[in-house]
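Enquirer: Please find one structure pasted underneath; my questions will follow.
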Amino acid sequence: MRFQSLISPTAFALTAIVLFNLQTANSDPSSAKSLRSKTIETQYTTVTLPLKTQDSPVLQSQEKATDEAKKPFRLSSRFHLKKGTNQGYLIVKFELPDKSYIYSLTQPQPFSKTKITVANSPHFSLTGKRSFTPDRNPKIIESDPDFGKRLEKHSGVVQFFVPIKVNETIAANELLIKIEIDGQICDETTCLPISREKTTAKFAGFFDPTDKKTGVPKKATPKKN
């Protein structure tokens, strides 16, 4: 599977949101129920995984495993809306420990790709291709020296986003979006499963795509891994 090497304009819309603190503004009559512009502090979940061994090439038993192998990481989510509209982005953020990584959304088997599941609701819908996109490309290893397989890894801080539309049945600041995460988190010696870890996305403010500070940059060069 070829992984797209360039980040789409939509991805840069998200990157702009991430790089700058959003200055929110009141929505106009065309937006989902009128509400005062407000930025909500992101709520993080620190996930500590129980050490668990399985018979697979990825989840290997480690005799020297300690509490450090449990790999706590930070998981959070939020959504933003474009100023004057009821459309924007739902974002899931991973903050991984040093030397740790997760697999991409498109990681081939037998390794467990990261999976993001959004609970159904009558108050919003995913739009576009209705699939998450990372804010930066994963590191690609075409043939891992240990397993001889293609690996697609994300490390450090990575955010996944998907276009969203909030229905007129609810004000944006009242909407809660339930999300579950599945996959694996690994370091140089051990991999542990991520199973149905939960995060709840709340409204985190409007963004203005025409603003020089928060809008889409005219020219952008994708980062190399």
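Enquirer: Do the conditions hold for THR199, that is, is it exposed (fewer than 15 other Cβ atoms within 10 Å of the Cβ), part of a strand (DSSP E or B), modelled with pLDDT of 95 or more and under 17 Å from the mean Cα position of the chain (by Cα)?
Expert: no
Enquirer: Would you please name the residue that is nearest to the chain's Cα centre (by Cα), looking only at residues in region 162-182 that are farther than 22 Å from ILE194 by Cα and in a strand (DSSP E or B)?
Expert: Looking at the filtered set, the residue picked out is PRO163.
Enquirer: So, one more: Looking at region 139-154, which of the residues that are surrounded by fewer than 16 Cβ atoms within 10 Å (Cβ to Cβ) and part of a strand (DSSP E or B) is nearest to the chain's Cα centre (by Cα)?
Expert: Ranking the qualifying residues of region 139-154, first place goes to LYS139.
Enquirer: While we're looking at this one, here's another question. Can VAL166 be described as closer than 30 Å to LYS83 by Cβ and either among the hydroxyl-bearing types (Ser, Thr, Tyr) or surrounded by 20 or more Cβ atoms within 10 Å (Cβ to Cβ) (or both)?
Expert: yes
Enquirer: I've got another one for you. Looking at (1) within 12 Å of the chain's Cα centre (by Cα); (2) part of a loop (DSSP other than H, G, I, E, B), can you tell me which one ILE102 breaks?
Expert: ILE102 satisfies all of (1) within 12 Å of the chain's Cα centre (by Cα); (2) part of a loop (DSSP other than H, G, I, E, B) except (2).
Enquirer: When you go through (1) farther than 30 Å from ALA171 by Cβ; (2) modelled with pLDDT of 95 or more one by one for GLU95, which number turns out not to apply?
Expert: (1)
Enquirer: Now for a different question. Has region 118-138 got any residue that is in contact with a strand residue (DSSP E or B) (Cβ under 7 Å, 6 or more places away or on another chain), among the charged types (D, E, K, R) and in a strand (DSSP E or B)?
Expert: No, region 118-138 has no match at all.
Enquirer: All but one of (1) hydrophobic (A, V, I, L, M, F, W, C); (2) farther than 19 Å from SER77 by Cα; (3) over 18 Å from the mean Cα position of the chain (by Cα) hold for CYS186; state the number of the condition that does not hold.
Expert: (3)
Enquirer: Has region 106-128 got any residue that is at pLDDT below 95, within 30 Å of PHE203 (Cβ to Cβ) and either of a type in the set (A, V, I, L, M) or surrounded by fewer than 21 Cβ atoms within 10 Å (Cβ to Cβ) (or both)?
Expert: yes
Enquirer: Name the residue that is modelled with the lowest pLDDT, counting only residues in region 202-216 that are of a type outside the set (Val, Ile, Thr) and either assigned to a strand (DSSP E or B) or touching a Leu at 6+ places or on another chain (Cβ under 7 Å) (or both).
Expert: PHE207
The values are calculated or read from the model by the stated rules, or taken from the named source; none is laboratory data. None of the values given here were measured: they were computed from a predicted structure. Quick reminder, even Gly has a Cβ in these numbers, built from the backbone with ideal geometry, and neighbours come from all protein chains shown.
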